[in-house]
Amino acid sequence: MTKRAIYNVKTKEWRHEDYTGAELEEYNANVKAHEDNRLPKKLNRIREIRNQKLQETDYLGVSDNIMSEAVKTKRQEWRDIPSTYTTEEEYDLLLTKNEQRNLTHAVWSKP
């Protein structure tokens, strides 16, 4: 059974005790809610990054500028991300960063 840790400030000691039935139900509900929210949060972050990348290249589409095929292809690739990448493992790869906190997946490369 799952135990909870309780710290006594006066004695500066920890003790562990079992959750009651109701507490365990609440704990399990919280764990499930967190897991249920994980994928939408990752997808929302991916969409934010995608929208930022599209915004950064919007100026290339103004009327006095001709957008290259490479830029058109990359922008379409970014717009297709939600349908191209659909699993949590793929989301994790899209969100992977290096030591400098830069996204590492090739889909984020500049056109």
Checklist entry - Here are Ala33, Ala70: which of them is on the phi < 0 side of the Ramachandran plot and touching a residue at least 12 places away in the same chain (Cβ under 8 Å)? => result Ala70
Checklist entry - Is there any pair linking a residue in the range 1-17 that is closer than 18 Å to Tyr27 by Cβ to one that is in a loop (DSSP other than H, G, I, E, B), with Cβ under 8 Å and at least six apart or on different chains, and which? => result Met1/Tyr19; Thr2/Tyr19; Lys3/Tyr19; Arg4/Tyr19
Checklist outcome for this item: Lys42: passes all of (1) farther than 30 Å from Arg4 by Cα; (2) modelled with pLDDT of 90 or more; (3) out of contact with any strand residue (DSSP E or B) (no Cβ under 8 Å at 6 or more places or on another chain) but (1)
Checklist outcome for this item: Heads up, the helices (runs of 4 or more DSSP H) in the range 43-111 (entirely inside) with at least 3 residues that are of a type in the set (Lys, Arg) and surrounded by 10 or more Cβ atoms within 10 Å (Cβ to Cβ) are 69-79
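The values are calculated or read from the model by the stated rules, or taken from the named source; none is laboratory data. The structure presented is a predicted model; accordingly, all values stated were derived computationally and were not measured. Virtual Cβ from ideal backbone geometry, glycine too; neighbours counted across all protein chains shown.
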